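Participant: Structure below; questions to follow.
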Amino acid sequence: MLRGKKGIILGLANDHSIAYACAKHFSDEGAQIVASCLNDKARSYVEPVIKDIPHIDLQTCNVENAGELETFVQHAADQLGSIDFVIHSIAWAPLEDLHGRVVDSSGEGFKRSVDISCHSFARVARLVEPLMNNGGAMLTMTYGGSDAVIGHYGMMGPVKAALESLVRYLAAELGPKKIRVHAVSPGPIRTRAASGIYSFDELINDAIETSPLRRIVTIEEVAHLAAFLCADISSGMTGQTIYVDAGHHIVK
């Protein structure tokens with residue numbers, strides 16, 4: 001489905017991360033990938049689990065550090081020539097703000113969370129836009145706490161709401177260039193990022209008990225949806241938040 005496609009995947013952490021599942025599945029589908037992990041410490045966890053994935057080039061990229069995102073995208077341009085897809089799977093909030101009330105969140109923590117989790121998607125879109133001469137797809141990862149209050153999700157709820165709004169504006173602005181933009185909204189998944197959410201096991205248990213499919217989804221299922229959205233067969237879709245959560249969003 002992705003044979004001949006070239007793209008970047010931001011946010012590999014380990015073999016439990018959504019970005020990893022996307023990298024593996026996209027490679028299996030024939031794509032060439034330049035991927036990022038946070039830093040050299042993260043690289044020590046990522047390199048062993050991607051050693052059997054062909055056509056992947058791993059680089060470090062901390063979007064908070066000046067120039068690193070630009071360097072990463074330029075490297076991808078040098079290696080791939082053009083870009084057909086972007087997977088943005090990055091989110092962060094300081095634990096003291098994430099675990100507290102939104103009304104008590106710090107200004108600095110909120111700004112950093114928005115910059116890393118939301119505005120970095122706009123920045124990568126701006127950098128990649130000139131490389132998408134034949135159109136393409138840009139995806140980011142969100143969560144149901146964006147449009148409903150989820151216990152202990154705190155400050156990330158408003159941040160993800162901003163991200164989903166950003167997706168719609170990017171879709172409108174980039175659509176004339178045949179660039180499609182989506183947010184993928186999985187249910188709760190045991191990723192490294194999710195481990196920072198207080199009482200995360202309660203979210204998992206609730207999803208299993210109340211979702212129509214009576215289970216949580218896998219990172220592989222998220223990757224399969226992402227591949228569909230990046231493939232030519234979904235060329236008529238853009239600007240959507242698409243759920244892959246065993247139906248949990250309909251019963252929240």
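Read the figures in this text as sums done on the coordinates, not as results from a lab. Every value quoted in this text rests on a predicted model; they were computed, and no experiment measured them. A quick note on method: Cβ atoms are made from the backbone with ideal geometry, for glycine too, and the neighbour counts reach across all protein chains shown.
Participant: Work out the charge dipole of the chain with +1 on the Cβ of Lys and Arg and -1 on the Cβ of Asp and Glu about the Cα centre, then indicate which of VAL244, HIS16, SER106 is farthest towards its positive end.
Facilitator: The residue sitting farthest along the positive end of the dipole is VAL244.
Participant: Here's another thing I want to ask about it. Helix-only mean residue ellipticity at 222 nm, the chain, DSSP H runs n ≥ 4 weighted -39,500 (n - 2.57), per residue, nearest 500. What is it?
Facilitator: Using -39500 (n - 2.57) per qualifying helix, the result is -11500 deg cm²/dmol.
Participant: For the chain, how many pairs of lysine residues have a Cα-Cα distance under 22 Å, where the two are 8 or more positions apart or belong to different chains?
Facilitator: 13
Participant: Follow-up. List the GluC sites (Glu not before Pro) in segment 57-113 that DSSP assigns to loop (not H, G, I, E or B) and whose Cβ has at most 16 other Cβ atoms within 10 Å. Which are they?
Facilitator: Here the GluC sites (Glu not before Pro) that fit, given the DSSP loop and packing criteria, are GLU64.
Participant: Follow-up. Could you please rank THR218, THR238, THR142, placing first whichever residue has the fewest other Cβ atoms within 10 Å of its Cβ?
Facilitator: So the ranking, lowest neighbour count to highest, is THR218, THR238, THR142.
Participant: Which value, in debye to the nearest 20, describes the size of the charge dipole of the chain about its Cα centre when Lys and Arg Cβ atoms bear +1, Asp and Glu Cβ atoms bear -1, and nothing else is charged?
Facilitator: Rounded to the nearest 20 debye, it is 440 debye.
Participant: Can I ask one more? Please give the length that would be gained between ASN39 and LEU213 if that part of the chain were fully extended, namely 0.36 nm times their separation in residues minus their C-alpha to C-alpha distance (nm, one decimal).
Facilitator: 58.9 nm
Participant: Between ASN65 and ALA161, with labels modelled 7 Å along Cα→Cβ, what's the label distance in nm to one decimal, could you check?
Facilitator: Placing both labels 7 Å beyond Cα along the Cβ direction yields 3.4 nm.
Participant: Subtract the Cα-Cα distance of ASN14 and GLU29 from 0.36 nm times their separation in residues, and report this length gain in nm to one decimal.
Facilitator: The ASN14-GLU29 span can extend by a further 3.4 nm.
Participant: Under a Cβ-only charge scheme (Lys and Arg +1, Asp and Glu -1), can you give me the dipole magnitude of segment 146-252 about the Cα centre, in debye to the nearest 20?
Facilitator: Value, rounded to 20: 300 debye.
Participant: Right, here's the next one. Can you find, among LEU38, THR210, ALA66, the residue farthest towards the positive end of the dipole of segment 6-245? Put +1 on the C-beta of Lys and Arg, -1 on that of Asp and Glu.
Facilitator: Towards the positive end, the residue furthest out is ALA66.
Participant: Also, I was wondering about something else. Can you tell me the length gained on complete extension of the stretch ASP78 to ASP232, counting 0.36 nm per residue apart and subtracting the Cα distance?
Facilitator: Full extension of this stretch gives 53.0 nm more.
Participant: Most exposed first by the Cβ proxy, i.e. fewest other Cβ within 10 Å, how do ILE179, ILE250 rank?
Facilitator: Listing ILE179, ILE250 from fewest to most nearby Cβ atoms yields ILE250, ILE179.
Participant: Here's something else I'd like to know. Lys/Arg Cβ at +1, Asp/Glu Cβ at -1, dipole of segment 6-245 taken about the Cα centre: which of VAL181, HIS152, ILE116 is farthest positive-ward?
Facilitator: Ranked along the dipole, the leading option is VAL181.
Participant: Among rounded, prolate and oblate, which fits segment 79-225 when a ≥ b ≥ c are the square roots of the eigenvalues of its C-alpha gyration tensor, a/c under 1.5 means rounded, and a/b larger than b/c means prolate?
Facilitator: Oblate, because a/c is 1.5 or more while a/b does not exceed b/c.
Participant: Please find the FRET efficiency linking GLU47 to ASN205, where r is the Cβ-Cβ separation and R0 is fixed at 41 Å, and quote it to the nearest 0.05.
Facilitator: The computed FRET efficiency comes out at 0.75.
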